[in-house]
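J.: Below are the structure tokens for one structure; questions will follow.
The values are calculated or read from the model by the stated rules, or taken from the named source; none is laboratory data. Keep in mind the model is a prediction, meaning the values are calculated, not measured. Neighbour counts run over all protein chains shown; Cβ positions are idealised from the backbone, glycine included.
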């Protein structure tokens, strides 16, 4: 088979669920058969990784900044100059202008990929419906990371669920010495319950709920540290809330980190009280690290490995149920159980990569 060139459209080359998925897939792709290049809107930590893998990365201004016509002309030009066999847009209902440009450029394989089941920023339902219909109309293959994400974006059209993979090979176990050094770096005391959250500071991630949990734990006299990893537009608001609620000694902001896997192994509990998640790749990573997770009941079940590490709770229920789950003793699992579950759920990176590359044939 001749080498196939695919242009992926991703929101950012920084840390995040979609980018992590692409990295895992690209690492497991047969590069003698497939070549990936990328269009992105924000340069981040994975930029050099993509270049090292032989990819080109084209950066565009947001469509709201340059206008749809200018954006479409740029995508059209990239497609024509580099001769791509397929385009794969990971922006869901926002993909209409990318896919229309690809259609005009004569690209026959146009993959529309939905990674979310809510359009939080859109109040105009008529315009949102139009965007979705036009995106679907210009796509040739429809893919979603979960059943809910597909139902939201594709409005009754048939689609394939292609869950975000996990590459078990990248999970390096945290040594005793690394654990000790990391605890010293972060100021964790021997008696501390170590809690963590990974996600951007945006409304959907529900950071105020995490701070409310911290306030209650402190009032109960439970020694703990809550680490918030990520950045985003609401970070300063949450820092102010932490100060106002007098939990500055318990809540730490770590910003963007490259050592997510090590931190996940350090946590006694991983907390994810999101209003929604398209898939929640970080929850999958937590389970692979053997870390118990307490999450909102809105999260898709596709990410649960069914090994009793995920505890689903109602965001609008009694907060005491969250507190009780946090202080409950951890479950210790053998790594082989985790590995077997990944394969049984069809989340192995090699298998997902094979299915994804089959879209381009």
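J.: If you go through region 173-189 one residue at a time, how many are out of contact with any helix residue (DSSP H, G or I) (no Cβ under 7 Å at 6 or more places or on another chain) and under 30 Å from residue 345 (Cβ atoms)?
T.: So the count comes out to 2.
J.: Residues that are more than 21 Å from residue 29 (Cβ to Cβ) and not in a helix (DSSP H, G or I): does region 158-171 have at least one? Step through it out loud before you land on a result.
T.: Narrowing region 158-171 to residues more than 21 Å from residue 29 (Cβ to Cβ): 158-159.
Those still in the list that are not in a helix (DSSP H, G or I) too: 158-159.
Yes, region 158-171 contains at least one residue that is more than 21 Å from residue 29 (Cβ to Cβ) and not in a helix (DSSP H, G or I).
J.: Specify the residue that is surrounded by the most Cβ atoms within 10 Å (Cβ to Cβ); the eligible residues are those in region 297-320 that are closer than 27 Å to residue 170 by Cα and touching a residue at least 40 places away in the same chain (Cβ under 8 Å).
T.: Step by step, filter region 297-320, then rank; the result is 303.
Matching residues to (1) crowded, with 22+ Cβ neighbours inside 10 Å; (2) at pLDDT 95 or above; (3) outside any helix (DSSP H, G or I):
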| site | (1), (2), (3) |
| --- | --- |
| 72 | no, yes, no |
| 78 | no, yes, no |
| 123 | no, no, yes |
| 148 | yes, no, no |
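J.: If we scan region 222-232, do we find a residue that is farther than 23 Å from residue 259 by Cβ and touching a residue at least 60 places away in the same chain (Cβ under 8 Å)? First the steps, then the outcome.
T.: Just the residues of region 222-232 that are farther than 23 Å from residue 259 by Cβ, to begin with: 222-223.
Still in the running and touching a residue at least 60 places away in the same chain (Cβ under 8 Å): 222.
Yes, the conditions are met somewhere in region 222-232.
J.: Tell me, which residue of region 321-334 that is out of contact with any strand residue (DSSP E or B) (no Cβ under 6 Å at 6 or more places or on another chain) and without any contact (Cβ under 8 Å) to a residue 60 or more places away in the chain is surrounded by the most Cβ atoms within 10 Å (Cβ to Cβ)? Show your work before the answer.
T.: Applying the first criterion (out of contact with any strand residue (DSSP E or B) (no Cβ under 6 Å at 6 or more places or on another chain)) to region 321-334 yields 323-324, 327-334.
In the following step, the residues that additionally are without any contact (Cβ under 8 Å) to a residue 60 or more places away in the chain were identified as 324, 328-329, 331-334.
Values: 324: 13, 328: 12, 329: 7, 331: 11, 332: 7, 333: 17, 334: 10.
Across region 321-334, the extreme among qualifying residues is 333.
J.: A follow-up question, please. Would you check if there is a residue in region 129-137 being at pLDDT below 95, under 20 Å from residue 90 (Cβ atoms) and within 16 Å of the chain's Cα centre (by Cα)?
T.: no
J.: Here's a follow-up. For region 322-342, indicate whether the set of residues that are under 18 Å from the mean Cα position of the chain (by Cα), assigned to a helix (DSSP H, G or I) and at pLDDT below 95 is non-empty. Let's see the steps before the verdict.
T.: Restricting attention to region 322-342, the residues satisfying the condition of being under 18 Å from the mean Cα position of the chain (by Cα) are 342.
Narrowing further to those that are assigned to a helix (DSSP H, G or I): 342.
Those left that are additionally at pLDDT below 95: 342.
Yes, because at least one residue in region 322-342 is under 18 Å from the mean Cα position of the chain (by Cα), assigned to a helix (DSSP H, G or I) and at pLDDT below 95.
J.: To continue, here is another question. Could you give every pair whose Cβ atoms fall below 7 Å, whose first residue belongs to region 57-76 and is on the phi > 0 side of the Ramachandran plot, and whose second residue is in a helix (DSSP H, G or I) and surrounded by 15 or more Cβ atoms within 10 Å (Cβ to Cβ), counting only separations of at least 6 or pairs across chains?
T.: Once the first residue is on the phi > 0 side of the Ramachandran plot and sits in region 57-76, no partner that is in a helix (DSSP H, G or I) and surrounded by 15 or more Cβ atoms within 10 Å (Cβ to Cβ) comes close enough.
J.: Right, here's the next one. Any idea how many residues of region 172-181 are surrounded by 17 or more Cβ atoms within 10 Å (Cβ to Cβ) and either touching a strand residue (DSSP E or B) at 6+ places or on another chain (Cβ under 8 Å) or not in a loop (DSSP other than H, G, I, E, B) (or both)?
T.: Residues of region 172-181 surrounded by 17 or more Cβ atoms within 10 Å (Cβ to Cβ): 174.
From what is left, the residues that are either touching a strand residue (DSSP E or B) at 6+ places or on another chain (Cβ under 8 Å) or not in a loop (DSSP other than H, G, I, E, B) (or both) are none.
Count: 0.
J.: Right, another one. If you check residue 46 against the conditions, is it crowded, with 18+ Cβ neighbours inside 10 Å, farther than 24 Å from residue 133 by Cβ and in contact with a helix residue (DSSP H, G or I) (Cβ under 9 Å, 6 or more places away or on another chain)? So that I can check it myself, show each step before the final result.
T.: On the way: crowded, with 18+ Cβ neighbours inside 10 Å: yes; farther than 24 Å from residue 133 by Cβ: yes; in contact with a helix residue (DSSP H, G or I) (Cβ under 9 Å, 6 or more places away or on another chain): yes.
Considered against the rule, which asks whether it is crowded, with 18+ Cβ neighbours inside 10 Å, farther than 24 Å from residue 133 by Cβ and in contact with a helix residue (DSSP H, G or I) (Cβ under 9 Å, 6 or more places away or on another chain), residue 46 comes out as yes.
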